[in-house]
Amino acid sequence: MLNFPRPLAGLIPIIMLLSLHVKGATWVCPYSPVEIRANEIHHQEVICGAASEALTFLAAYGLVPKKVIAIELTEQSLEHYGYTAFGSYNRETGIVSLMSLEAILHLESVPAMYGQEFDPVHYRGAVAHEIAHAVFHQNSPHSRLANAAQEYLAHVTQMAVLPSQRRQQIIGESGVNAWESDQ
């Protein structure tokens, strides 16, 4: 047991909490191989929770992370293949870039996801989407599977972490029926 001088003993928990909000902070998610890097880290519980749910979903299909997944939060819009994205996975560095929730919500035009106004629930989905890309690449580093197949897995994972009611609402409003056989 560490023994601190009496005047410092009460400050230690406060100092530990403040260390999460200093420039260049790194937050390691409990119980999952995910770390968040940012100048200021807010909503780490949301990010870690979404990452954990995504990893649980993917593990059911035999896809598990092989190493730590680093998420770098940014306050800037991300350019990805010529369009603005909330998140992006870099195959070369193995790092997920993700706009902070605040940065997304303060974009000039109202952001949307699946035809709905973007909110913290959709942010969880965006985190899960990028986690799926990272896990896919960690499990098949030499594969150049078509982007469409990767996006399918990422969107399925994204939908899987949404609350059931929200997921059903999105599906119902999509105007797309489930796959049906020729029978």
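No value in this document is a laboratory result; all are computed from the given coordinates. As the structure is a prediction and not an experimental result, all values here were calculated from the model. Neighbour counts run over all protein chains shown; Cβ positions are idealised from the backbone, glycine included.
Is the shape of the range 78-176 rounded, prolate or oblate, going by the alpha carbon gyration tensor and its root eigenvalues a ≥ b ≥ c, with a/c under 1.5 for rounded and a/b larger than b/c for prolate? It comes out oblate by the Cα gyration axes.
Take the Cα of Ser109, step 7 Å toward its Cβ, do the same at Ser77, and the gap between the two points is 0.8 nm.
Packing here is the average count of other Cβ atoms within 10 Å per residue, and on that basis the peptides 56-69, 108-121, 30-43, highest first, run 30-43, 56-69, 108-121.
Between Gln116 and Ala60, the FRET efficiency from the beta-carbon distance, with R0 = 35 Å, is close to 0.85. Among the chymotrypsin sites (Phe, Trp or Tyr not before Pro) within the range 67-102, those in coil by DSSP and having at most 10 neighbouring Cβ atoms inside 10 Å are Tyr81. Using the Cβ-Cβ distance between Gln165 and Thr93 with R0 = 45 Å, the FRET efficiency computed as 1/(1 + (r/R0)^6) comes to roughly 0.75.
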